[in-house]
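*Asks:* Sharing a structure with you now.
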Amino acid sequence: KVPKPTKASSKKKVEEGVDTGDGWDEWSHGKALTKPADQLELTEAELKEEITRILTANNPHAPQNIVRYSFKERSYKPTSVVDQMAVHFVLEGSLLHQDSDEARRLRSSNDLIFSETATIDTGAEPDEEKPETPEAGEEDRPDSVASKTDKKEPKLTNQFNFSERASQTLNNPLRERSCQTEPPPRSIFSATANQWEIYDVYVEELQKQEKNKEKQKAIPSKKDNEKSKKKMMLMETQGDDFTKVGKASKIFERMVNQNTFDDIAQDFKYFEDASDEFRDQEGTLLPLWKFQYDKAKRLSVTALCWNNKYQDLFAVGMGSYDFSKQGRGMLVFYSLKNSAFPEYIYPTNSGVLCLHIHEQHSHLIAVGFYDGCVAVYNLKEEGLEPVYKSTAKTGKHTDPVWQVRWQNDDMDNNHNFYSVSSDGRVVSWTLVKNELVFTDIIRLSVNGAVSEGPEGLVVQRLTFHKQIDYLFLVGTEEGKIHKCSKTYSSQFLETYNAHSMAVDAVKWNPFHPKVFISCSSDWTVKIWDHTINTPMFTFDLNAAVGDVSWSPYSSTVFAAVTTDGTVHVFDLNINKYEAICQQSVVAKKKTKLTHIEFNPIYPIIIVGDDRGYVTSLKLSPNLRKKPKAKKGQELPKGPEVEIAKMEKLLSLLREPEQNAV
Amino acid sequence: MAGTGEGKKEEADYKRLHSFPLIRHTDMPEEMRVETMELCVTACEKFATNNESAAKMIKESMDKKFGSSWHVVIGEGFGFEVTHEVKNLLYMFFGGSLAVCVWKCS
């Protein structure tokens, strides 16, 4: 369809175009245009002629007269449809579609290749990728390697309007902290060393060593010396510490006790039995503190003694009267301020039978033991051993010591005391430096004047006269009482057939110089005038009398304890025949009372029993009543009055007795 | 001392008698004191003629045993006033003529 002339004309056009181009012009300038030899020679008119050409999609080379055999019509027929396409160039591409099988195969087979395929993929047309990555969105599409690799990672970031967000919390302000230890303590020391000083010190040290009787010069001995010194110091310091605590705890114990037994303390101080008003003459005893010590529970109270200086303190001797139950004993000190625990405790190997506290030096206590020893304890000294003790060498008794009594200091100002024992000896003991010196005052056994058995006189008790220094009384086991003198050791001044059984106690009246009292297991208490050998009073108490004691405040008042557990208080001034108070003070029926003692100041008594208990009792007002006005003008007080009171009683008795005799 | 024979004898006697270590003042605890004293004795006997070496030995041993900064003075005559950490001072005489002062202060 395309006309041939158009082809030639187009050629021409091209040539013209070439010619007219600026670029061409420049470099072809100065050169003659070469013309092919066979170029058409055209006239001007021909050249100016316009040739119109229409470009169509038809292939000018395509044959237009193709005839094919039609089997349907069984004849040759020209085909109207001609292929217009002309292929000018063909190149096989190396791109693969990523979804294709081959691509997949490649991907799996080799990583290296994979990366290539990735590149290939990215090279692929956007149209191809679109269906594959719908979630990535349009933004992702144009991206090349990066977007591909991103796709593999879990996190997808928005590449276009993505913005990183971050916030910063407030940082805590920095603080500085430091501490400083205290520097080790320091001190300053100064001294001067020179030869004479060194010499002096050595000489001094040597002298000290010599003084210690340690003839040493070597180094080791010196060390020993030092060590022992140190030990001593240690001991001392430890001891000091202990005593410090001890004192504090003692105070504390007392405070606690004061609290616990406040009602008792109040009773002790203030309670007066109001019912006494109506009872006229009789009185009662109010039990106060009860003292006991666990370790002395099995022992019976064998001796009681108040301390003269500290009126709240008393000593208790523990032991046993039973021959078959002899064993250890104990010496304990109680204070009314602390009823829970003893102030002092001295365990002894033998039972204590008697004790006496020195009246001026109240830290000295003389003690007599069942085994015949006498000992002196010093409360000021530490340790549980007595400061003095008699031994077999130094004339101890061969039988139990029944009584010890301090005497006035002798002419050399040595303390001394008397002891009396079943072996019949009355011995005076003198404390000289660090030993006990004994002197036999009287050997009652060798005095044949009285009707004692050949084995000897068994002395139970003795008592010394207050004013007449040399005069003393001894009570014996067979019931006799002897009046003796320190000066006449060969014989008795008097013998009283006092009791039918052993004399348990003999005591001078503290006021009246002639009167003494005795008690015995034969149930009786007797009061005597030592000038008369028959009793002035006899009281039958219906039980063996353990002890009897004069009151310190009245010449006519005394108290006795019996083995049935009763305390009997008499005031002869009020009733000459019967006790004004009879009161059982023991918890158990079987308990026997063994001893009684009046406090020298307070209106209380202490009684000891055979179970180791000591009970303190307050005397009701009636029991310590001063003589009433009806007796006359007896308001003045003093020993004279008391003596007169007793004398009056005695004179009443003497008359009828003398009449009777 | 007199230069007479008697004096000499006395001197010898003194030397013999006064050879033991004598602690003049210390605030050390028992164990430390004993150890230090023995160390001083050893050092003074080892370097009987050279106090400096003895002092050095004592100082070094003490530094090792009880921590650093010990000071030692040994001599026959000297005066001093030192500041020391408490429980760390020993002042002793030895051999009749030597005074040894050992203290710690850093």
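The values are calculated or read from the model by the stated rules, or taken from the named source; none is laboratory data. All figures in this text were calculated on a predicted structure; none of them were measured in a lab. Note that we place each Cβ from the backbone using ideal geometry, even for glycine, and neighbour counts take in every protein chain shown. The area values use the complete protein model at the heavy-atom level, side chains included, leaving out ligands, DNA and RNA. Shrake-Rupley method; radii C 1.70, N 1.55, O 1.52, S 1.80 Å.
*Asks:* What is the local net charge at A:L304, summed over the other residues whose Cβ is closer than 10 Å to its Cβ (Lys, Arg +1; Asp, Glu -1)?
*Replies:* With Lys, Arg at +1 and Asp, Glu at -1, the net is -2.
*Asks:* With viscosity set to 0.890 mPa s at 25 °C, what whole-number translational diffusion coefficient in µm²/s follows for the stretch A:477-627 from Stokes-Einstein and a Kirkwood radius over Cα pairs?
*Replies:* Translational diffusion coefficient: 156 µm²/s.
*Asks:* Using a 1.4 Å probe and counting only protein heavy atoms, how much accessible surface gets buried when A and B come together, both sides summed, in Å² to the nearest 100?
*Replies:* 3000
*Asks:* P(r) of the stretch A:261-626 in 10 Å steps, Cα pairs, percent per bin?
*Replies:* Over the stretch A:261-626, the share of Cα pairs per 10 Å bin runs 5, 25, 36, 25, 8, 1, 0 percent.
*Asks:* Summing Lys, Arg as +1 and Asp, Glu as -1, what charge do residues with Cβ under 15 Å from the Cβ of A:F341 carry, A:F341 excluded?
*Replies:* +3
*Asks:* Accessible area of A:S275, 1.4 Å probe, to the nearest 10 Å²?
*Replies:* 40
*Asks:* Out of the total accessible area of chain B (probe 1.4 Å, heavy atoms of protein only), what percent is carbon and sulfur?
*Replies:* In chain B, the share of accessible area belonging to carbon and sulfur is 50 percent.
*Asks:* Report the per residue volume, in Å³, of the convex hull enclosing the C-alpha atoms of the stretch B:2-104.
*Replies:* 102
*Asks:* Under a Cβ-Cβ cut-off of 15 Å, what is the net charge of the residues other than B:I58 that fall near it, where Lys and Arg count +1 and Asp and Glu count -1?
*Replies:* +1
*Asks:* Related question: Student exercise: in chain B, how many lysine pairs 8 or more apart or on different chains have Cα atoms under 27 Å apart?
*Replies:* Lysine pairs, 8 or more places apart or on different chains, close enough: 22.
*Asks:* Assuming R0 = 41 Å, what is the FRET efficiency of A:D440 and A:T534, from their Cβ-Cβ distance, to the nearest 0.05?
*Replies:* With R0 = 41 Å, the Cβ-Cβ based efficiency is 0.85.
*Asks:* Running a GNM on chain B with Cα contacts under 10 Å, which residue among B:R33, B:R24, B:R16 ends up with the highest mean-square fluctuation?
*Replies:* Per the Cα network of chain B with a 10 Å cutoff, B:R16 tops the list.
*Asks:* Under a 1.4 angstrom probe, counting protein chains only, how are A:Y344, A:Y388, A:Y577 ranked by accessible area, largest first?
*Replies:* A:Y577, A:Y344, A:Y388
*Asks:* Give the relative contact order (percent, whole number) for the stretch B:2-104; include only Cα pairs under 8 Å separated by 6+ residues.
*Replies:* It rounds to 35 percent for the stretch B:2-104.
*Asks:* Are any of the pairs A:K297/A:K618; A:K325/A:K589; A:K244/A:K309; A:K483/A:K526; A:K297/A:K592 more than 18 Å apart by Cα-Cα distance, and if so, which?
*Replies:* Long pairs (Cα-Cα over 18 Å): A:K297/A:K618; A:K325/A:K589; A:K244/A:K309.
*Asks:* So for A:W429, B:W103, what's the accessible-area order with a 1.4 Å probe, most first?
*Replies:* If we order A:W429, B:W103 from most to least accessible, we get B:W103, A:W429.
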